[in-house]
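Single-structure report; data block below.
The values are calculated or read from the model by the stated rules, or taken from the named source; none is laboratory data. The structure presented is a predicted model; accordingly, all values stated were derived computationally and were not measured. Glycine also receives a Cβ, built like all others from the backbone with ideal geometry; neighbour counts cover every protein chain displayed. For the accessible areas, the whole protein counts, side chains as well, though only heavy atoms, and no ligand, DNA or RNA atoms are used. Shrake-Rupley method; radii C 1.70, N 1.55, O 1.52, S 1.80 Å.
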Amino acid sequence: MNDAIVALATPLGQGAIHIVRLSGKGADKIIDLCFKPNNRQRWMEEKTFTLHLGWFYTEDDTKLDQVLVSKMIAPYSYTGEDIYEINCHGGLLIARRIIETCNQQGARLAEPGEFSKRAFLNGKMDLIQAEAVIDLITSRTDLSADLALKQLGGGLSSRINELRQEILDILSYIEAKIDFPEDEIDEIAFIELSKMILIAKKNALDINKGSKKGKIIREGLSTVIAGRPNVGKSSLLNALVKEERAIVTDIPGTTRDELHEHIKIGEILLRLIDTAGIRESHNLVEKIGIERTWKALSQADIILLLIDATELKIHSLFEEESSILKEYHEKTIVLVNKTDIFSDYRLDQHLKLNNVVIIPFSVKEGTGFAELEQEIKRRVFEGEAAISDQPLLSNIRQIQAVEKSIYYLIKAQEGILHNLPFDIVSIDIRAALEEISFITGHQVQEELLNNIFSRFCIGK
Ligand code: GDP
């Protein structure tokens, strides 16, 4: 399908300019019908990547707006088709009428992500890059934007493609041997094959190495804010949301709920689990027996356990606090809150025993935030530089495919060890190849494509 499609590429609403994107077969005829360039000769002569000032006319030849049209001609364009981007004045009414005019002249409205889907289908980018485009658009931290940009640059794609080629070579090797059954499959062939599989497996493992970190950068660290009533959970949440809200409330489609699900501490995105619990009852820990709370705690990558400094003056830890620490001391960071009122608290023996990290905190005065960020960074990045030059895997679909291919390569290795016939071993190699091919889109199902591109916005 390469019929002409049209959509608004800028966000809905009023602004300085809007951009209407038109792409596909016949887009050149449609634009010629609606756009009268000031310099017709230049418009006709200049081929691709040029910008032209002129007037846009409706189908009944009424002047609609003065516009700038970018001309990008196939195959050197985002979609690989002819694209015209009409920069008009930023009222929605004008943009809408431009789109309607294009519709009347034969372009249909684009579906979400349809421009990018065409870019993929026309070989302008692979699925890793397409998914990086949407990740870049939806990035909330500089780190995740950096990661998406690296993937868009194709570094990850070429590593995956190298791996795919290695697996293809293994298959060809096996097939060459199977094709000549009268030749005895000798010891050397077994050794050679084991070597090839070993190398492919090592590369797959290497590619998968930073994926946990990549996933956290992309999706955020799943976090529970836990603590007894009145320790300051909502106050902490609000303090962290405040900064984020300033950035994202203007982005259409960002609901208040989402805001409460994602917060940032420095450059790390936290994905909060069970914020509703905090808001509903202020009472997360009292419900400690409740399955939901424990489920949230068990799912979390990190637990921020707030303890009230003024309580420590009188008590040691409450039972609920101890039980969280007992079960999850490795992933818990204790924030001793309200140190602005009382800071001379005694560290409980239990905390010391479990080597738990304790940060003196005051939501009210804003102390402890930097230390908390430092501590989370230390855990996420294990002291390494934030993103290495090696592009990381970050997307769960891609990670799972690499993991599955590693599984099949190991199975193939075992098959060889057990002297299984080559055609049996080749079944696992094929399965490994298939998984890797799903990542870049060398092999692809319509359903997967629809699933990926429906996450894009209209006009992208
Ligand atoms: P939650 O029940 O755990 O969500 O606790 P809240 O966030 O509702 O806080 C309970 C009370 O403690 C409120 O009156 C807050 O203003 C207060 N509070 C929260 N953090 C601090 C802090 O760091 N210092 C002081 N002095 N008061 C705080």
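Please find, among 195, 209, the residue that is away from the ligand (no atom under 16 Å from the Cβ), charged (D, E, K, R) and modelled with pLDDT of 90 or more.
Values: 209 fails: modelled with pLDDT of 90 or more.
Result of the check over 195, 209: 195.
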Where the second residue is open to solvent by 10 Å² or more (accessible area, probe 1.4 Å) and aromatic (Phe, Trp, Tyr) and the first is more than 17 Å from residue 168 (Cβ to Cβ) and touching a residue at least 24 places away in the same chain (Cβ under 8 Å) and lies in region 412-429, which pairs have Cβ atoms under 7 Å and are six or more apart or on separate chains? 416/190
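One residue is enough: does region 46-53 have a residue meeting the conditions among the aromatic types (Phe, Trp, Tyr) and in a strand (DSSP E or B)? Steps first, please.
Residues of region 46-53 among the aromatic types (Phe, Trp, Tyr): 49.
Now drop any that are not in a strand (DSSP E or B), which leaves none.
For region 46-53, residues among the aromatic types (Phe, Trp, Tyr) and in a strand (DSSP E or B): absent.
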Can we say residue 72 is open to solvent by 10 Å² or more (accessible area, probe 1.4 Å), within 32 Å of the chain's Cα centre (by Cα) and either at negative phi or not aromatic (Phe, Trp, Tyr) (or both)? yes
When only residues in region 284-296 that are modelled with pLDDT under 60 and more than 16 Å from the ligand (Cβ to nearest atom) count, which is surrounded by the fewest Cβ atoms within 10 Å (Cβ to Cβ)? 289
Which of the residues belonging to region 192-210 are under 22 Å from residue 151 (Cα atoms) and open to solvent by less than 10 Å² (accessible area, probe 1.4 Å)? 200, 204, 207
Hey, residue 105 open to solvent by less than 60 Å² (accessible area, probe 1.4 Å) and in contact with a Cys (Cβ under 7 Å, 6 or more places away or on another chain) or not: yes
When residues of region 256-283 are limited to those that are open to solvent by 70 Å² or more (accessible area, probe 1.4 Å) and modelled with pLDDT under 80, the one nearest to the ligand (Cβ to nearest atom): 282
Being under 14 Å from residue 156 (Cβ atoms) and among the hydrophobic types (A, V, I, L, M, F, W, C) is the filter here, so list the residues in region 207-231 that pass it. 207, 217
If a residue must be more than 13 Å from the ligand (Cβ to nearest atom), in a helix (DSSP H, G or I) and more than 38 Å from the chain's Cα centre (by Cα), how many such residues does region 297-323 contain? 2
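Give the number of residues within region 29-45 that are in a helix (DSSP H, G or I) and surrounded by 11 or more Cβ atoms within 10 Å (Cβ to Cβ).
Step one: of region 29-45, the residues in a helix (DSSP H, G or I) are 29-34, 40-45.
Right, trim to surrounded by 11 or more Cβ atoms within 10 Å (Cβ to Cβ) and you get 29-34, 40, 42-43.
Total meeting the criteria: 9.
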Against the definition (buried (at least 18 other Cβ atoms within 10 Å of the Cβ) and not in a helix (DSSP H, G or I)), how does residue 394 come out, yes or no? yes
For region 324-360, how many residues meet the condition of being modelled with pLDDT of 85 or more, more than 13 Å from the ligand (Cβ to nearest atom) and either touching a Gly at 6+ places or on another chain (Cβ under 7 Å) or among the polar types (S, T, N, Q) (or both)? 1
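From 236, 240, grab the single residue that is within 16 Å of the ligand (Cβ to nearest atom), buried (at least 18 other Cβ atoms within 10 Å of the Cβ) and modelled with pLDDT under 85.
When all the criteria are applied, what remains is 240.
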Return the pair list, or none, for Cβ contacts closer than 8 Å from residues in region 297-317 that are more than 17 Å from residue 329 (Cα to Cα) and among the small types (Gly, Ala, Ser) to residues that are in a strand (DSSP E or B) and modelled with pLDDT of 90 or more, at least 6 apart or on different chains. 309/336; 309/337; 309/360
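Take residue 81 and decide whether it is acidic (Asp, Glu), open to solvent by 60 Å² or more (accessible area, probe 1.4 Å) and within 29 Å of the chain's Cα centre (by Cα).
Values: acidic (Asp, Glu): yes; open to solvent by 60 Å² or more (accessible area, probe 1.4 Å): no; within 29 Å of the chain's Cα centre (by Cα): yes.
No.
Per-residue answers, yes or no, for (1) of a type outside the set (Phe, Trp, Tyr); (2) out of contact with any Leu (no Cβ under 7 Å at 6 or more places or on another chain); (3) under 27 Å from residue 450 (Cα atoms); (4) touching a residue at least 60 places away in the same chain (Cβ under 8 Å):
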site	(1), (2), (3), (4)
38	yes, no, no, no
57	no, no, no, no
65	yes, yes, no, no
68	yes, no, no, no
100	yes, yes, yes, no
116	yes, yes, yes, yes
119	yes, yes, yes, no
